[in-house]
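The values are calculated or read from the model by the stated rules, or taken from the named source; none is laboratory data. Note that this is a predicted model, so its numbers are computed, not measured. Heads up: the accessible areas ignore ligands, DNA and RNA and are worked out on the full protein's heavy atoms, side chains in. Shrake-Rupley method; radii C 1.70, N 1.55, O 1.52, S 1.80 Å.
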Amino acid sequence: MKIGWMMRSFICICCLMLLTSCWNSRELNNLGIVTGIGVDKVPNKEEYHVTFQIVNPSSTATSAGASTGQPTVTIYSSTDRTIFGAFRKTSKKAARQMFFAHTQLLVLGES
């Protein structure tokens, strides 16, 4: 059975309309936007200390963070044997999923 070009184009348009979605979207209120990362080696130990600076969206939504009395950033830090382990421990402390695309600063300790 042959399907005409009008019917074929109608099916294609319907599929395109129905199959579009935001399957990989992330809500902004579920993300912790990391703006700064600090990595330092703990002296006299085989451990790394990692610090994240995360934007506080409720204080930046207003004209100035000082007017609400809340800090504009939140600091989370952890220590572990590996840098990856320290990153994982620190991200578990935060209430939101870490989002690293807007990281503006990476500070590495001299040691």
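Provide the per-residue ³J(HN,Hα) series for the range 28-34, in order, calculated from phi with Karplus coefficients 6.51, -1.76, 1.60 and θ = phi - 60°, each as a whole number of Hz, with x at glycine and proline positions.
Rounded to whole hertz, the list is 5, 6, 9, 9, x, 7, 7.
Can you list the residues, at least 5 places off or on another chain, whose amide H is less than 5 Å from the amide H of Lys41, using H built in the peptide plane?
Under 5 Å from the amide H of Lys41 lie the amide H atoms of His49, Gly109, Ser111, each far enough along the sequence or on another chain.
Tell me, what is the per residue accessible area of the chain in Å², probe radius 1.4 Å?
About 78 Å² of surface per residue is accessible.
With θ taken as phi - 60° and the coefficients 6.51, -1.76 and 1.60, list the Karplus ³J(HN,Hα) couplings across the range 86-91 in order, rounded to whole Hz; mark glycine and proline as x.
Along the range 86-91, the couplings run 5, 4, 5, 4, 5, 5 Hz.
Of the heavy-atom accessible surface of the chain (probe 1.4 angstrom), what whole percent is carbon and sulfur?
61
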